[in-house]
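Let me begin by presenting the structure, written as structure tokens, before commenting on it.
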Amino acid sequence: MITFPHAKINLGLRILKKRTDGYHEIATCFYAVPVCDVLEIVPAYHTSFTSSGLPIPGSPEHNLCLKALNLLKTDFDIPDVLMHLHKAIPMGAGLGGGSSDGAFTLKMLNELFSLGLTTGQLLNYASRLGSDCPFFIEGKPVLATGTGTELQSISLSLSDSWVRIIYPGIHVGTAEAYAGVKPDATREPLENILGKQQLWKNQLVNDFEPTVTNNHPVIGNLINDLYANDAWYAAMSGSGSAVFGLFRSQPPVMELPPDCLIRDGKLD
């Protein structure tokens, strides 16, 4: 069985307040984009995991695909499998590629071995894998609140737009992204702004952007370049370092700095 775990972008990202447990309350919109890895799972005589494409740092046992398999194995008698992941979504880019791989593994194993898990049960397993994983079970636009795990479906369509995603090959750590953020819960609710696309350029903000673009000016330059090439909205996704632009038609050719990865796609 082969499937195509997709990436996501963040449409706005608000840091609302710091919790007593050290985490932050946030508000953001997750939106699926047609930039995909390729994941194959087949029954085998012994379980193995291999990968190709972009190099994946760390040891395989820490990969969310294997973690998803082992999580289900605690409750189900799942046979050995061969798993191969072709990595095309850049890692550490704010695009949720690893989370998507883990969630799609859950869905594939459920189908491949007829486990009978409902969407609700898959969401529960996904939440145990990681905070972004539940979104990828259904992949529909959601407003994510709390620590990013409380998902609420929203009516939002960008089917008239193309997306261009540019990854500049810069690693942005979570601590770095939060370092310059001042939580603020007094602004207009994010869901109000999401319903007014004409306001996005000036009001749909990612609170991580000022700090990250100050530390890595190339990221801010790429956002400006997307606007200069007729994007109607451009921003950084998550804590970066990937940026994206939304276009009304297929994006034009752009001159980019060396080592940038670029992905284009028509949105659903």
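Take the Cα radius of gyration of the stretch 66-119 and divide it by 2.2 N^0.38 Å, N being the number of residues; the result is 1.22. Under 5 Å from the amide H of Trp232 lie the amide H atoms of Leu246, Phe247, Arg248, each residue being 5 or more positions distant or on a separate chain, with H modelled from the backbone and absent for Pro and chain starts. Treat the chain as a sphere of radius equal to its Kirkwood radius over Cα pairs and apply Stokes-Einstein at 20 °C in a medium of 1.002 mPa s; give the translational diffusion coefficient in µm²/s, rounded to a whole number. My calculation gives 112 µm²/s for D. Applying 1/(1 + (r/R0)^6) with R0 = 25 Å to the Cβ-Cβ distance of His171 and Asn124, what FRET efficiency is obtained, to the nearest 0.05? So, using R0 = 25 Å, E works out to roughly 0.20.
Which order, highest average first, do 211-220, 187-196, 126-135 follow once you tally other Cβ atoms within 10 Å for each residue and take the mean per peptide?
On the way: 211-220: 17.3, 187-196: 14.5, 126-135: 21.3.
Going from most to least packed, we get 126-135, 211-220, 187-196.
For the stretch 153-234, the set of chymotrypsin sites (Phe, Trp or Tyr not before Pro) satisfying both a DSSP loop assignment and a count of at most 16 other C-beta atoms within 10 Å is given as Trp232.
Can you put Asp184, Asp225, Asp37 in order of Cβ neighbours within 10 angstrom, beginning with the fewest?
Numbers: Asp184 11, Asp225 19, Asp37 23.
Ordered from fewest to most neighbouring Cβ atoms within 10 Å, Asp184, Asp225, Asp37 come out as Asp184, Asp225, Asp37.
Taking the chain as a Gaussian network of alpha-carbon nodes connected by springs under 10 Å, the highest mean-square fluctuation of the residues Glu138, Glu40, Glu255 belongs to Glu255.
Neighbour counts of other C-beta atoms within 10 Å: give me Phe244, Phe113, Phe76 arranged from fewest to most.
On the way: Phe244 28, Phe113 16, Phe76 13.
Lowest count first: Phe76, Phe113, Phe244.
Restricting to DSSP H runs of at least four residues, report the calculated mean residue ellipticity at 222 nm for the chain, -39500 (n - 2.57) per run over all residues, nearest 500 deg cm²/dmol. -7500 deg cm²/dmol, from helical runs alone. Bridgeable lysines around Lys18 (alpha carbons under 16 Å apart, same-chain partners fewer than 8 residues away excluded): Lys182.
Using the beta-carbon distance between Asp80 and Thr149 and R0 = 45 Å, what value does 1/(1 + (r/R0)^6) give for FRET efficiency, to the nearest 0.05? Present the calculation step by step, with values, prior to reporting the outcome.
Values: r = 31 Å, r/R0 = 0.70.
Taking R0 as 45 Å, the efficiency between Asp80 and Thr149 is 0.90.
Pulled fully out, how much extra length does the chain show between Met1 and Gln198, if you take 0.36 nm times their separation in residues and subtract their Cα-Cα distance? The Met1-Gln198 span can extend by a further 66.7 nm.
Sequentially through the stretch 131-136, phi angles give Karplus couplings (6.51, -1.76, 1.60; θ = phi - 60°) of 5, 8, 4, x, 4, 7 Hz, Gly and Pro residues having no value and appearing as x.
One chain, two ends: Asp21 and Trp232. Fully extended at 0.36 nm per residue, the span grows by 72.1 nm beyond their Cα-Cα distance.
Greater than 23 Å separation of Cα atoms is the criterion. Which listed pairs, Lys8/Lys73; Lys17/Lys140; Lys201/Lys266, meet it? Mind showing how you got there, number by number?
On the way: Lys8/Lys73 28 Å; Lys17/Lys140 26 Å; Lys201/Lys266 20 Å.
Lys8/Lys73; Lys17/Lys140, as the Cα separations exceed 23 Å there.
What separates the Cα centres of the stretch 99-134 and the stretch 55-74 is a distance of 13 Å. Dividing the Cα radius of gyration of the stretch 1-103 by its Kirkwood radius returns 1.04 for Rg/Rh.
Taking packing as the residue-averaged number of other Cβ atoms within 10 angstrom, the listed peptides 85-98, 42-55 run from highest to lowest as 85-98, 42-55.
Each residue of the stretch 119-127 was assigned a 3J(HN,Hα) from its phi angle through the Karplus curve 6.51 cos²θ - 1.76 cosθ + 1.60 (θ = phi - 60°); the sequence is 4, x, 5, 4, 4, 5, 4, 4, 5 Hz, with glycine and proline shown as x. Note on the chain: dipole from Cβ charges, positive end direction compared against His6, Val38, Thr20; the farthest Cα belongs to Thr20.
A convex hull fitted to the Cα coordinates of the stretch 162-266 yields 104 cubic angstrom per residue.
Coordinate-derived values only; no laboratory data. The model shown is predicted, which means the values in this text are computed figures rather than measured ones. Heads up, the Cβs are rebuilt from the backbone with ideal geometry, glycines too, and the neighbour counts pull from every protein chain shown.
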